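First the structure, in the form of C-alpha cells, and then the observations on it.
The values are calculated or read from the model by the stated rules, or taken from the named source; none is laboratory data. All values reported here derive from a predicted model rather than from experimental measurement. Every residue, glycine among them, receives a Cβ derived from its backbone with ideal geometry; neighbour counts consider all protein chains shown.
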Amino acid sequence: MRRLGPAFLAVSLFAGCGGSEVPPSSEPIAQQEARLTGTDVDVPPECQGILTFANTASFATLDAYLPSDVVTNLVTRRASSPFVSLADVSSVRLVGQARLEQLAGGARAQGFIGSSCVGVLDGLAVSTDDAAAIVSLVNTISDSELHDVLPDAWNGAVNLLTLRPFTSVQAISNVAGIGDVGLRNIRNSATLSRPLEALINEVNLKGDWGHGGATMARHFDWWQVVTTNGRYQYGGLECFGLEPSSVPSGASVRPYLADATEVRNEILNTVSSANRNNQIPSSVIAAGMANLDALTAGRSFKGCYFGYANDPWSGHSVAIFVDTVNGFSVMTDTYWAE
C-alpha cells in the first residue's frame, strides 16, 4: 500500500451545491473562523471584493442577483457583524454553494472583483494565480502524495489521476469525489508553502559545495524514494507513524511521531549544510523558515529517516516528513563524497 499512516476524518466546511439550499450551520461563527486563521483562508486578496459586496451593497443591488429571502437574511446578519469569510456567509440561512456563486457573480457584475478572481468553487474563492498552481500540482503530483493530501477522498484522488491532465480548476472541482475539503486541501498544498519552496529552490541551486552538500523537496513520491533498490548500500531505515502494511521491508519503527520542532531542526540543519558559503540570501531563509513554522505549528508528522550510497565513495542521509492530516510533506537530503 503506497500510504504513510492512517486516514483521518475530514469534516466538510460547507454544504449545498447546484441549486439546492441547505439549513444554516449550527456551529458558532467563532469556531468556523478558527479553522480559517493564519494561511488557511477561504477568500484570497484578489477575491475580497465578494465579501465587500456582501457587506456593503444595498438590498436592491443584492436583490438583483439573489432571491429576496436570501438578501433579507444577509442584510439582517451583516447589521450585527460584517462577513469576514465565505464560511461566515455560508452560516446564513438559505446560503449554500449556489448562492455563493450568485453572490460572486453579482460582485463581478458590479465591479467588486475582476479577472484576477476566478470565482467560488466548492465553497472556496480562487484567484487566477491559485488556479494555475492548483492545475499544475494536480497534473504533476505523485500518486502517494496525492493520497496523503486527500486522505478521505481516495475515489477523488483516483479520478484525478485517471482524468488528468486538466486545463482549469473548474474541471478539477467538477471531478467526482472532490468537494469542499478536497479542493481546499489541494489549494493549500499548491499555494501555502511558496516562501518555503523559494528557500528549497535556493538550497537546490546553491547547496552543492564540491565534496558534499544538500538538497530538499516539497513535492515528491515518498514511496519511490524510500523503496528504490539498486543502491550500493542501504542502511539505517527508521520510520514512524506508518500503517503496518506501509512499513518498508527492513525498516525499524519508532513509537512516536515527529513534531514541528523535529521538522524545523532537520530543515534548518539542511539549509545550514547548503549555505556554507553564505550564498543564500538571509531574507529568503527567514521567510522560508517563518512559512515552515506557520505550516507546522502544533502538527504531527509521519515519515522515515534512512541513509544510502550510490557507490563506496559517497553517502546520503535522507529525512521525510508528512503531515498526518493534510499531507504537507518535505524531504531533506544531505550528502558527502570523497
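In region 55-80, which residue that is free of Cβ contacts under 8 Å to residues at least 40 places away in the same chain and outside any helix (DSSP H, G or I) is nearest to Asn174 (Cα to Cα)? Can you show your working first?
Narrowing region 55-80 to residues free of Cβ contacts under 8 Å to residues at least 40 places away in the same chain: 55-56, 58-60, 63, 67-80.
Applying the additional criterion that residues be outside any helix (DSSP H, G or I) yields 58, 67, 79-80.
Working: Ser58: 33, Pro67: 25, Ala79: 35, Ser80: 35 Å.
Here the answer is Pro67.
For region 249-261, state whether one or more residues are assigned to a helix (DSSP H, G or I) and of a type in the set (A, V, I, L, M, F, W, C).
Keep residues of region 249-261 that are assigned to a helix (DSSP H, G or I), which gives 260-261.
Next, from what is left, pick out any that are of a type in the set (A, V, I, L, M, F, W, C): 260.
Yes; the residues of region 249-261 include at least one that is assigned to a helix (DSSP H, G or I) and of a type in the set (A, V, I, L, M, F, W, C).
Every residue in region 295-323 that is modelled with pLDDT of 95 or more and either in contact with a Lys or Arg (Cβ under 7 Å, 6 or more places away or on another chain) or farther than 22 Å from Leu237 by Cβ (or both), please.
Selection gives Leu295, Thr296, Ala297, Gly298, Arg299, Val322, Asp323.
Hey, among the residues in region 277-320 that are assigned to a strand (DSSP E or B) and small (Gly, Ala, Ser), which one's farthest from the chain's Cα centre (by Cα)? Show your work before the answer.
Taking region 277-320 first, the residues assigned to a strand (DSSP E or B) are 300-309, 314-320.
Subset that is small (Gly, Ala, Ser): 300, 303, 307, 309, 314-315, 317, 319.
On the way: Ser300: 15, Gly303: 18, Gly307: 28, Ala309: 32, Ser314: 35, Gly315: 32, Ser317: 26, Ala319: 20 Å.
Here the residue is Ser314.
Among (1) without any contact (Cβ under 8 Å) to a residue 12 or more places away in the chain; (2) in contact with a helix residue (DSSP H, G or I) (Cβ under 8 Å, 6 or more places away or on another chain), which single condition is Thr261 missing?
That leaves (2) as the condition not met.
Taking interchain pairs and intrachain pairs at least six residues apart, which have beta carbon atoms under 9 angstrom, with the first residue in region 264-276 and closer than 15 Å to Asp208 by Cα and in the same structural domain as Asp208 (by TED's automatic domain parsing) and the second among the charged types (D, E, K, R) and in a helix (DSSP H, G or I)?
Val271/Glu202; Ala274/Glu202; Ala274/Lys206; Asn275/Glu202; Asn275/Lys206
Would you point out which residue out of Thr167, Thr215 is of a type in the set (Ser, Thr, Tyr) and either surrounded by fewer than 18 Cβ atoms within 10 Å (Cβ to Cβ) or in a helix (DSSP H, G or I) (or both)?
Thr167
So for region 128-139 (the condition being part of a loop (DSSP other than H, G, I, E, B), assigned by TED's automatic domain parsing to the domain that holds Asp42 and farther than 30 Å from Phe301 by Cα), does at least one residue qualify?
As a first pass, look at region 128-139 and keep what is part of a loop (DSSP other than H, G, I, E, B): none.
No, there is no match, as no residue in region 128-139 is part of a loop (DSSP other than H, G, I, E, B), assigned by TED's automatic domain parsing to the domain that holds Asp42 and farther than 30 Å from Phe301 by Cα.
One line per residue, one yes/no per condition, for (1) outside the structural domain of Trp223 (by TED's automatic domain parsing); (2) within 19 Å of Phe328 (Cα to Cα); (3) of a type in the set (S, T, N, Q):
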{"residue": "Ala107", "(1), (2), (3)": "yes, no, no"}
{"residue": "Ile141", "(1), (2), (3)": "yes, yes, no"}
{"residue": "Ser144", "(1), (2), (3)": "yes, yes, yes"}
{"residue": "Gly156", "(1), (2), (3)": "yes, yes, no"}
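Report the residue count in region 102-119 for those that are surrounded by fewer than 16 Cβ atoms within 10 Å (Cβ to Cβ) and within 19 Å of Arg184 (Cα to Cα).
Here is the first cut: in region 102-119, the residues surrounded by fewer than 16 Cβ atoms within 10 Å (Cβ to Cβ) are 109, 111, 114-116.
Subsequent filtering for residues that are within 19 Å of Arg184 (Cα to Cα) retains 116.
Number satisfying all stated conditions: 1.
Any idea which residue in region 84-101 is surrounded by the most Cβ atoms within 10 Å (Cβ to Cβ), counting only those that are hydrophobic (A, V, I, L, M, F, W, C), in contact with a Leu (Cβ under 8 Å, 6 or more places away or on another chain) and not in a loop (DSSP other than H, G, I, E, B)? Break it down stepwise before answering.
We begin by selecting, within region 84-101, every residue hydrophobic (A, V, I, L, M, F, W, C); these are 84, 86-87, 89, 92, 94-95, 98, 100.
Remaining after also requiring in contact with a Leu (Cβ under 8 Å, 6 or more places away or on another chain): 84, 86-87, 89, 92, 95, 100.
Going one step further and asking which of them are not in a loop (DSSP other than H, G, I, E, B), we end up with 86-87, 89, 100.
On the way: Leu86: 27, Ala87: 24, Val89: 25, Leu100: 24.
So, considering only residues that are hydrophobic (A, V, I, L, M, F, W, C), in contact with a Leu (Cβ under 8 Å, 6 or more places away or on another chain) and not in a loop (DSSP other than H, G, I, E, B), the one surrounded by the most Cβ atoms within 10 Å (Cβ to Cβ) is Leu86.
Looking at (1) at pLDDT 95 or above; (2) closer than 29 Å to Asp143 by Cβ; (3) touching a Ser or Thr at 6+ places or on another chain (Cβ under 8 Å); (4) not acidic (Asp, Glu), can you tell me which one Asn269 breaks?
(2)
Checking Leu160 against (1) without any contact (Cβ under 8 Å) to a residue 60 or more places away in the chain; (2) more than 30 Å from Ser68 (Cα to Cα); (3) of a type outside the set (S, T, N, Q); (4) out of contact with any Gly (no Cβ under 9 Å at 6 or more places or on another chain), only one condition comes out false. Which one?
(4)
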